[in-house]
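Working notes, structure below.
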Amino acid sequence: MKNTDAARPGAAPAFSSEALAAVLRRLDLTPATPLKIAYSGGLDSHVLLHALSRLRDDGWRLSALHVDHGLQPAAGAWARHCEQVCRELALPITIERIEVRGIREHGLEAAARRARYACLARHVGPGEVLLTAHHQDDQAETLLLQLLRGSGVHGLAAMPAIAAFTAGRHARPLLEFPRRALLAYATAAGLKWIEDDSNRDDRLARNFIRNRLTPVIEERWPGAARRLGRSARHAAEAAALLDEIARAAGKTKGMITPESIRENVDHPELPDIDLVIRTSGETRTSNFFLWQSAYAEWDFLDLYFPDFGVKELAASVGKFAERTRRFGA
């Protein structure tokens, strides 16, 4: 039975090229910004690609990127489909075949995601913006996954609408639109998209949530995806505040940074852990070290100073944070 106590949600926002342009403006993107569209050929990315193509008369600079994971027998056909669609829309497309590694270590979903974003990062230069087609339902699924993992506010913030990404930025302009709005647009426009059979495999965590858990939640609490997205935004605000507190602590208690390493290669300026604990308390200490381990650019330091044992240092900081924290990372 549906929850009759909750207020009925408003109608889902309709999706259109004009609505998309309004979102891009809110994200401070302009026609002068080169946009790289991650285009899988599925419904969501096809809608994003098609709607953006209708904005070219306003001067938007667009191109598409398709990553061929090589994990499906039909992967080659999917790449050809994407190439054909872009040809019809007169949009340039880059197609790259990748090898997905670390499946046993990270699982298929995570390994494919890592490989995909590593590939996309190679194609996003300074001043350019990668666009992905994550929508409102994807955001709700991400939040539920993070809850089930026991994540803290950074995890519960789910996916930001725009963030730094390699040399450029990564934007998700569809987060306020539910999938049904994208489907309505695609149907009205007569689009043809790829259906990935692996999306029906409920052994994968996200598919299980999408196919089996979300319908039950929406039946009981209509409009839940929209409200879960609002919760993610609240968590993002809290996470940003925690980062600001930790950043202030770093200024007074010492940070491991590329600058501090360059200044004194033999004696990096490590934080005084005992001082941090005495002056900040357990919760703030945990927050400081979680932030330090997330933003200290360990990979950068390990690349330029391989003899320092930076990865071991990063692991130690992470373990310290794990021992002291009261909330998930």
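Count the net charge of all other residues whose Cβ sits under 13 Å from the Cβ of His123, scoring Lys and Arg as +1 and Asp and Glu as -1. Present the calculation step by step, with values, prior to reporting the outcome.
Working: positive: Lys36, Arg116, Arg122; negative: Glu96, Glu128.
Around His123, the surrounding residues sum to +1.
Taking 0.36 nm per intervening residue step and subtracting the Cα-Cα distance, what contour gain separates Ala90 from Asp28 on full extension?
19.7 nm
Taking loop as defined by DSSP and a crowding limit of 16 other beta carbons within 10 Å, which trypsin sites (Lys or Arg not before Pro) in the range 154-230 fit?
On the way: sites: Arg169, Arg179, Arg180, Lys192, Arg200, Arg203, Arg206, Arg210, Arg212, Arg220, Arg226, Arg227, Arg230; in loops: Lys192, Arg203.
Passing sites in the range 154-230 are Lys192, Arg203.
Using only the alpha-carbon atoms, what does the range 17-231 span along each of its principal axes? Please give whole angstrom values in decreasing order.
Projected onto the principal axes, the Cα atoms of the range 17-231 cover 43, 37, 35 Å.
Check which residues have an amide H placed less than 5 Å from Asp196's amide H, if you skip close sequence neighbours.
HN-HN under 5 Å from Asp196: empty list.
To the nearest 20 Debye, how big is the dipole of the range 17-231 about its Cα centre, given +1 on the beta carbon of each Lys and Arg and -1 on that of each Asp and Glu?
360
Within 10 Å of each candidate Cβ there may be at most 12 other Cβ atoms; applying that plus a DSSP loop requirement, which trypsin sites (Lys or Arg not before Pro) in the range 87-120 survive?
Listed in order of number, the matching sites are Arg101.
So for Val100, Val67, Val23, fewest C-beta neighbours within 10 Å to most, what's the order?
On the way: Val100 16, Val67 24, Val23 19.
So the residues, fewest neighbours to most, are Val100, Val23, Val67.
Starting from the range 49-157, pick out the GluC sites (Glu not before Pro) whose DSSP state is loop and whose Cβ has at most 11 other Cβ atoms within 10 Å.
Taking the range 49-157 and a limit of 11 other Cβ atoms within 10 Å, the loop GluC sites (Glu not before Pro) found are Glu99.
Translational diffusion coefficient, Stokes-Einstein: compute it for the range 36-76 using the Kirkwood radius over C-alpha pairs as Rh, at 37 °C and 0.692 mPa s, and state it as an integer in µm² s⁻¹.
On the way: Rh = 11.3 Å.
Value of D from the Cα-based Kirkwood radius: 291 µm²/s.
Return His50, His106 ranked ascending by Cβ neighbour count within 10 Å, so the fewest neighbours appear first.
By the 10 Å Cβ count, ascending: His106, His50.
For the residues Asp243, Asp201, what sequence is obtained by ranking on other C-beta atoms within 10 Å, fewest first?
Asp201, Asp243
Read-outs throughout are calculated quantities, based only on the coordinates presented, and are distinct from any laboratory measurement. These numbers come from a predicted model, not from an experiment. A quick note on method: Cβ atoms are made from the backbone with ideal geometry, for glycine too, and the neighbour counts reach across all protein chains shown.
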